[in-house]
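See structure below.
The values are calculated or read from the model by the stated rules, or taken from the named source; none is laboratory data. Since the model is a prediction, treat every value here as computed from it, not as a measurement. Here the Cβ is made from the backbone with ideal geometry for all residues, glycine too, and neighbour counts use every protein chain on show. Just the protein is used for accessible areas: all its heavy atoms, side chains included, with ligands, DNA and RNA removed. Shrake-Rupley method; radii C 1.70, N 1.55, O 1.52, S 1.80 Å.
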Amino acid sequence: MEIVLSDKSYEIIVKRHALDTVGEWIASLWQNKKIAIISDEHVFPLYGEKIQQQLADYEVCHYTVPAGESSKSLEMANNLYDFLADQQFTRSDAIIALGGGVVGDLASFVASTYMRGIAFVQIPTSLLAQVDSSIGGKTAVNSSKAKNMIGTFAQPDGVLIDPETLNTLPELRVREGIAEIIKCGAISDASLWNDLEKLTGIQDLLAHSEAIILKALEVKKTVVEEDEFDNGSRLLLNFGHTLGHAIENTAGYGKISHGEAVAIGMVKISQTAEKKNLSPAGITDKIKAMNQKYQLPITYQPWEAEKFYTAITHDKKARGSSLNIILLAEIGKAYIKKIELTEIKEFLLEGE
């Protein structure tokens, strides 16, 4: 699969045991570069040595960050800048992001800003990163006010996805990736939604992960190619995310997973849309049933409307005095609705 953009194109490889070919893959992309592998304390012990052994022709170093959302910070980015400077990295060198969404977002943000930008690739090892955050060029760290508030658009030189890495994931991390797959089916691919309905559950999905990942990536590829900088159709990928990010923020990062928060966000936004006749009757029940099938939550307590409102008004998707929210016209078709900031509390935070 290839992402084709006006200024840059790159290949996404989805293949079981692809980690066995990292050396050949990197050689096809880069020559004469120092390489820094940025990973976390859980992932690097699993795959780091294997990858380093395949890069014997390169000068390779590595930096591991603590696992979890708290590492997606300016403080950690600054630690990485210092590390790269100490290793005498120049604009001719490169980064491999090895890990889940936190590592991918952090490492790509650092790569895009160190010396105004150096090359990087993504090797996502979580389902969430494989179907969502590793492609499309969004990089970010969190601020104290909102998730992903500080970031850039920077495309990788390539993405290598090995579904075998999912076998080492805790089930919670598998579930949160499934939330993004459900979102992809809901907004743009009724056949993917039907596939999810036919599968018997999480283990069956993992058995068919290559095909499911490819379908979810096709959804993202299409909107990224249409709207690289998130001004139009790419906003559709935010279904469930406006409220989901608010839940993550108010709970404290790491207290509820991103996927769980998005799952709840999809239910809540659809509930309110149904009440306002902006989405068809019964669509919330379909989303609830799909979430429950894959052991994802459908509610959140305590429901703290004022805190959510504050978080949402800081959300990066707010544009001036308005906010774009994503609603479903039907399963497999979403649309963007612009609402005024003054409407947000009533529209999104109506009581349960």
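Computed quantities for the displayed model
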{"item": "1.4 Å probe accessible area per residue over the chain, in Å²", "result": "40"}
{"item": "Qualifying chymotrypsin sites (Phe, Trp or Tyr not before Pro) in the stretch 204-261, DSSP loop, other Cβ atoms within 10 Å at most 15", "result": "F229"}
{"item": "The chain shape via C-alpha gyration tensor axes, a/c threshold 1.5", "result": "prolate"}
{"item": "Prolate/oblate/rounded label for the stretch 183-279 (Cα gyration tensor, a/c 1.5)", "result": "rounded"}
{"item": "Cross-link table K15/K221; K8/K138; K138/K215; K50/K215; K275/K337, entries beyond 23 Å C-alpha to C-alpha", "result": "K50/K215"}
{"item": "Mean Cα-pair separation over length for the chain, i.e. relative contact order, pairs under 8 Å, 6 or more apart, %", "result": "15"}
{"item": "Highest-first arrangement of 162-169, 183-190, where packing means the average Cβ count within 10 Å", "result": "183-190, 162-169"}
{"item": "Fraction of accessible area attributable to carbon and sulfur, the chain (%, probe 1.4 Å)", "result": "48"}
{"item": "Considering only the chain, percent of DSSP beta bridges that pair antiparallel, nearest 5", "result": "45"}
{"item": "For the stretch 110-179: rounded, prolate or oblate by the Cα gyration tensor [a/c cutoff 1.5]", "result": "oblate"}
{"item": "Cα-only radius of gyration and Dmax that characterise the stretch 146-223, units Å", "result": "13.9, 39"}
{"item": "Kyte-Doolittle at least 0.0, axis length at least 24 Å by Cα - qualifying DSSP helices, the chain", "result": "171-188, 209-226, 258-275"}
{"item": "Burial order of peptide ranges 33-39, 294-300 (average beta-carbon count within 10 Å, highest first)", "result": "33-39, 294-300"}
{"item": "For peptides 202-210, 257-265, 151-159, 69-77, sequence by mean Cβ density within 10 Å, most packed first", "result": "257-265, 151-159, 69-77, 202-210"}
{"item": "Span from the the stretch 59-123 Cα centroid across to the the stretch 131-174 one, whole angstrom", "result": "13"}
